[in-house]
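The values are calculated or read from the model by the stated rules, or taken from the named source; none is laboratory data. Because the structure is a prediction, the values reported are computed rather than measured. Positions of Cβ are generated from backbone atoms using ideal geometry, with glycine treated the same way; all protein chains shown enter the neighbour counts. For the accessible areas, the whole protein counts, side chains as well, though only heavy atoms, and no ligand, DNA or RNA atoms are used. Shrake-Rupley method; radii C 1.70, N 1.55, O 1.52, S 1.80 Å.
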Amino acid sequence: MDAGTILELLKYGETINLECKKAETTLPNAIWETYSSFANTNGGVILLGVEECVKEKDPEKRFSFTSVKNPTQRIKEFWNTINSNKVSRNILVDRNVGTCDINGNTIIWIEVPQADYRYKPVYINENPLKGSYKRNYEGDYHCTEEEVKAMLRDASDSGNDGELLEGYTMDDIDMSALRSYRIEFEHRNPDHVWNADEDLAFLKNMGGYAVDRNTGKGWLTAAGLLMFGKGLSVRERFDNIRMDYIDESNLLPGSRWSDRLTYDGMWENNLYNFIRQVTPRLVAGLKRPFRLEGMVRVDDTPVHKSIREAVTNMAIHADYLITGILKIVKTEKGFVFSNPGTLKLPLSAIYEGGYSVARNPRIQTMFRMIGYGDNIGSGFPAILSAWGEENWRKPDLSQNEELHQVELKLWMISLMPPECTEYLQKLFGLAYSHLDNEAQIILGTAYLENGVTNARMQSIINRDSTRIGHMLADLVEQQMLIADKKGRWTTYRLNESYEIRPEQFEFRDINHEEVMLQNETNQCIYEYIKANGFITTQQVVELTRITTAQGANAALGRMMKQNLIRKVRRGKHFIYELK
């Protein structure tokens with residue numbers, strides 16, 4: 001890292017991924033807690049020789065440089081300690097640590113990547129329960145026992161769904177669900193040798209039933225019960241998990257939803273039944289083009305496949321050993337899928353695809369054998385591709401470390417719909433047209449998604465965190481965005497109270513043939529509306545030689561008669577737009 005990069009990071013970086021420590025003469029003990037927290041969360045940068053004043057609001061003055069004495073010795077001490085029993089694992093290499101001179105001060109920088117799921121938790125002092133940390137906006141915090149156990153479970157590639165559930169037998173299986181599944185299985189795999197098996201043998205081959213080698217007794221696995229269990233048995237063993245589907249599209253006045261599927265005693269609430277009932281409701285209304293392969297009609301589209309992939313991912317990546325909800329919400333703008341747990345892989349690796357690590361590999365196999373999901377890590381890139389072909393907003397995959405929840409939003413709206421651009425032009429006037437394309441996309445995302453974060457914009461416009469932080473800060477400075485630092489990432493929302501200030505215009509480029517205007521006043525009014533989206537009577541007085549509201553109304557009335565503009569009510573006031 002060079003001086004420019006560090007200064008940019010200090011000014012525009014997110015504090016969730018940045019830690020500064022004075023460290024003039026010694027390595028601070030807290031550095032190892034931060035190392036653990038960055039490794040167990042999303043990585044980050046530690047700067048030694050930089051002091052932060054948390055009360056200072058001005059980003060230019062928030063940090064001061066103290067310089068590290070004898071930096072070569074400090075770095076040697078760092079490597080000696082990180083390779084000792086102080087920390088459970090060293091995940092750094094030489095290129096992750098270095099020094100930099102800033103205004104005559106020597107700074108040590110340490111880039112800590114997110115640890116591989118097989119190495120988590122990264123802990124200190126030889127005690128995972130007391131020495132594991134994670135990162136939030138308050139800094140480094142001790143992981144709870146539940147969080148540590150979840151990371152230890154996830155470190156195994158054998159998955160979480162192979163646990164033998166002692167006492168749970170075929171009597172706990174919803175035979176109607178299992179038989180329905182077997183019909184789908186045989187349809188998909190007509191020549192498969194398992195089709196001739198009895199139910200117990202079939203379930204055993206699928207990983208839903210296993211025998212304890214020590215006792216010789218057979219029991220259902222977690223996968224078998226979750227997938228095909230009777231509702232009462234599932235709730236008895238996994239009382240921490242709920243399944244919920246809500247349709248918020250096509251709402252009638254006064255209604256909270258138009259359709260809902262949750263446990264009401266009318267169906268056996270296992271995964272197979274839930275997904276089998278929900279999937280048709282999700283794809284209802286989607287266009288199915290008529291296409292023939294030979295003499296057989298094929299009406300399965302990439303969008304339909306992507307929705308099945310999203311439903312399946314929710315089920316196979318959920319952590320069923322913690323409290324949470326498998327929840328699907330259908331809205332006018334798209335879909336939201338959420339499940340308990342955290343992501344085993346970094347977001348960047350998931351977006352790139354090619355490598356898949358299911359938390360529940362047996363459940364994954366069960367769904368894959370009937371055409372749900374993929375086994376080679378191409379599922380999420382396939383969703384990205386399908387959404388890209390439709391020119392819809394890029395899917396938003398995120399996780400909340402505090403709530404232990406993963407969420408996928410599939411927007412079925414374009415990146416910048418016309419109504420979005422029109423609204424932003426009216427809200428910000430000429431200032432909006434002066435922004436570059438990326439800044440306009442940031443504002444559009446804040447409008448369409450009811451807020452925006454640095455992390456979300458990284459996935460949309462493919463810029464690094466610091467560069468996006470710079471753009472967000474600039475929009476805040478222009479009073480177009482309002483920053484809310486509550487939560488893991490700073491959230492930015494549109495400033496709906498933005499006040500458009502009168503601006504001067506040059507009319508050298510006015511197309512007189514197009515606008516058909518007769519005088520300087522009409523030209524000024526027309527050009528102002530064209531740039532800002534609308535004009536008010538008061539703004540006409542401020543912009544032109546007209547000195548009274550009566551005169552302004554007369555000029556506006558003349559332009560309405562010419563069919564150039566129209567009068568529209570906005571709240572308690574009237575504005576004038578191009579017709």
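Computed over protein heavy atoms with a 1.4 Å probe, the accessible surface of the chain works out to 50 Å² per residue. Computed over region 73-217, the alpha-carbon pair-distance distribution with 5 angstrom bins reads 2, 7, 11, 13, 11, 10, 8, 8, 7, 8, 6, 4, 3, 2, 1, 0, each value a whole percent.
For the listed peptides 392-401, 267-276, 122-131, a ranking on the average number of other beta carbons within 10 Å per residue, highest first, reads 267-276, 392-401, 122-131. For region 219-331, just say rounded, prolate or oblate: build the C-alpha gyration tensor, square-root its eigenvalues into a ≥ b ≥ c, call rounded for a/c under 1.5, and beyond that prolate if a/b exceeds b/c, oblate if not. Cα axes put region 219-331 in the oblate bin. The distance between label points at R213 and R62 comes to 5.6 nm (points 7 Å beyond Cα on the Cα→Cβ vector). With a cut-off of 8 Å between alpha carbons and a minimum separation of six or more residues, what is the relative contact order of region 346-497 in percent? Taking the mean separation of contacting Cα pairs over the length of region 346-497, I get 14 percent. Among the listed pairs K11/K409; K530/K579; K305/K333, which are separated by more than 21 Å between their Cα atoms? Flagged as over cut-off: K11/K409. Between T72 and A554, the C-beta separation translates, for a Förster distance of 51 Å, into a calculated FRET efficiency of about 0.05. Computed from the C-beta positions of N437 and A3, the FRET efficiency with R₀ = 41 Å rounds to 0.90.
Using θ = phi - 60° in the Karplus curve 6.51 cos²θ - 1.76 cosθ + 1.60, the 3J(HN,Hα) couplings for region 276-288 round to 5, 7, 7, 4, x, 6, 5, 8, 4, x, 6, 5, 10 Hz; x is entered for Gly and Pro. Under 18 Å from a label point 7 Å along Cα→Cβ of R493: give me every residue in region 402-433 with its amide N that close. Of the residues in region 402-433, 424, 427-428 have backbone N under 18 Å from the label point off R493.
Accessible area of D264 (1.4 Å probe, protein heavy atoms only, ligands and nucleic acids ignored): about 100 Å². May I ask you to list the lysines whose Cα is less than 19 Å away from that of K204, ignoring any residue fewer than eight positions away on the same chain? Straight-distance partners of K204: K217, K230.
So in the chain, what percent of DSSP beta bridges are antiparallel if you round to the nearest 5?
Counting DSSP beta bridges with both partners in the chain, the antiparallel share is about 85 percent.
Straight-line cross-link reach from K149 at under 25 Å between alpha-carbon atoms covers these lysines, not counting any fewer than eight positions away in the same chain: K86, K120, K130, K134, K327, K344. Here region 97-244 has 45 percent of its accessible surface on carbon and sulfur atoms, given a 1.4 Å probe and all protein chains in place. Given H placed 1.01 Å from N in the peptide plane, which residues other than close sequence neighbours of S67 have an amide H under 5 Å from its amide H? Here T106 satisfy the definition.
Cα gyration tensor of region 172-278, axes a ≥ b ≥ c as square roots of the eigenvalues: rounded (a/c below 1.5), prolate (a/b > b/c) or oblate? In terms of gyration-tensor shape, oblate. Measuring nothing but how far apart in sequence close Cα pairs (under 8 Å, 6+ apart) lie, relative to its length, the chain scores a relative contact order of 9 percent. In order along region 64-71, phi translates into HN-Hα couplings of 10, 9, 10, 6, 8, 7, 6, x Hz, rounded to whole numbers, per the Karplus curve 6.51 cos²θ - 1.76 cosθ + 1.60 with θ = phi - 60° and x for Gly and Pro. Across region 29-40, rounded Karplus estimates of 3J(HN,Hα) from the backbone phi angles (6.51 cos²θ - 1.76 cosθ + 1.60, θ = phi - 60°) give 4, 5, 4, 6, 5, 5, 4, 4, 5, 5, 5, 8 Hz, Gly and Pro being marked x.
When you work out D = kT/(6 pi eta Rh) for region 1-144 at 37 °C and 0.692 mPa s, using the Kirkwood radius from C-alpha pairs as Rh and the Stokes-Einstein form, the result is 213 µm²/s. Cross-link partners for K485 among the aspartates and glutamates, with Cα-Cα distance under 13 Å and sequence neighbours closer than 8 places in the same chain left out: E14, E138. Helices in the chain, meaning DSSP H runs of at least 4 residues, each add -39500 (n - 2.57). Divided by all residues, the mean residue ellipticity at 222 nm is -11000 deg cm²/dmol. Taking a ≥ b ≥ c as the square roots of the eigenvalues of the alpha carbon gyration tensor, the chain is oblate, as a/c is not under 1.5 and a/b does not beat b/c.
The packing ranking, built from the mean of other Cβ atoms within 10 Å per residue, places the peptides 335-346, 80-91 in the order 335-346, 80-91, highest first. The H on the amide N of M412, modeled in the peptide plane, is under 5 Å from the matching H of G334, F335, each at least 5 residues off or on a different chain. Full extension of the chain segment joining E352 with N195 gains 52.9 nm, where the gain is 0.36 nm per residue of separation less the Cα-Cα distance. Amide H contacts under 5 Å for L92: none, restricted to partners 5 or more places along the chain or on a different chain, H placed in the peptide plane at 1.01 Å from N.
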